[in-house]
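Here, each number is a calculation from the coordinates, and none is a lab measurement. For clarity, every value in this text was computed on a predicted model and none was experimentally measured. A quick note on method: Cβ atoms are made from the backbone with ideal geometry, for glycine too, and the neighbour counts reach across all protein chains shown.
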Amino acid sequence: MSKQTHTAQQYWDVRSDLFASYYKKPSLFDKLFRQGIYTRTAVALKTIQEYDKPTVLDIGSGPGVNSVTWLKNSNASLLLGIDFAESMNEYARKNAKSEALADRCKFIEGDFMKHKFDQSFDISVAVGVLDYIDDAASFIKKMDAVTNKAFVVSWPKNGLRMALRRYRYTCAVFHYTEKSIRDLHANCNIKSIDFIPTNAGWVTIARKK
Ligand SMILES: C[S@@+](CC[C@H](N)C(=O)[O-])C[C@H]1O[C@@H](n2cnc3c(N)ncnc32)[C@H](O)[C@@H]1O
């Protein structure tokens, strides 16, 4: 029997509780094998903390658990989350409200690649997202365009873990190498790029000129 296929939007629209549980109720498996998720959250938080009252764009914000962590642990003045899976946004709005953070954030439904932003952001973050993007070059170009100070991205690498994901997931997943990531940043208006290795790939921090 052939495998069912979904778009990333369809795939994630039914997984808001599951993804939130990796942060809220991590199993031993999550703690051992999903460390990359926690590392990328921490790297993004540290970057946000470098700036005073930054505005933050959380691209592919998912259940918004990261968004709440970043708001609670920084003086970020505003966070806009954008995700094309509406169940993720519903979860994120409820989560932010329950943490009394609703006045510092907003979650909108949309495809980052198509959405027209009416402002730019000091920091933009896309963690756990490039895994599902078939045109990473356009994605990074747009991140560069909407960001004033720094952008943080997580990148999965190839290997056994990626092979298992390709087998399990019903949507397409993509992987990168250090060289392909550097090439994707080649035409960006940045002064530096830091690579932080994780068990699943890398997190990069691109700082603007
Ligand atoms: C693995 S989840 C990660 C969620 C969150 N960033 C985190 O790390 O907790 C990936 C999310 O990216 C969203 N996504 C993927 N491509 C997107 C796009 N082009 N525009 C908006 N959201 C996107 C999916 O709907 C999904 O909620």
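Annotation: extensible slack from Lys208 through Lys72 equals 46.5 nm (criterion: 0.36 nm per residue apart, minus Cα-Cα distance).
Rounded to the nearest 20, the size of the Cβ-charge dipole of region 27-115 about its Cα centre is 220 debye, with Lys and Arg at +1 and Asp and Glu at -1. Across region 192-209, coupling constants 3J(HN,Hα) worked out from phi with the 6.51/-1.76/1.60 Karplus curve, θ = phi - 60°, read 7, 9, 9, 10, 10, x, 10, 5, 10, x, 9, 10, 10, 10, 9, 9, 7, 5 Hz, and Gly and Pro carry x. Annotation: for a label point projected 7 angstrom from Cα along Cα→Cβ of Gln119, no residues of region 84-100 have a backbone N closer than 12 Å.
Each residue of region 73-88 is assigned a 3J(HN,Hα), and the resulting list reads 10, 8, 9, 3, 7, 7, 10, 10, x, 10, 8, 8, 9, 5, 5, 5 Hz, derived from the Karplus form 6.51 cos²θ - 1.76 cosθ + 1.60 (θ = phi - 60°), x at Gly and Pro.
Each of Ser154, Ser27, Ser16 has some number of other Cβ atoms within 10 Å of its Cβ, and from fewest to most they run Ser27, Ser16, Ser154. From least to most packed, judged by other beta carbons within 10 angstrom and beginning with the fewest, Lys25, Lys142 follow the order Lys25, Lys142. Comparing Arg40, Arg168, Arg93 in a Gaussian network model of the chain (Cα springs below 10 Å), the most mobile by mean-square fluctuation is Arg168.
Okay, helix-only estimate at 222 nm for the chain: each DSSP H run of n ≥ 4 adds -39500 (n - 2.57), divide by all residues, round to 500 deg cm²/dmol; what do you get? Mind showing how you got there, number by number?
On the way: 9 runs with 85 residues, N = 209.
Calculated mean residue ellipticity at 222 nm is -11500 deg cm²/dmol.
Straightening the chain between Lys191 and Glu50 buys 49.1 nm, computed as 0.36 nm per residue apart minus the Cα-Cα spacing. Under the simplified labelling scheme, the Ser21-Glu86 pair shows an inter-label distance of 2.5 nm, with each label point 7 Å from Cα along Cα→Cβ.
Model label points for Phe33 and Ala145, set 7 angstrom from Cα along the Cα-to-Cβ axis, are 3.9 nm apart.
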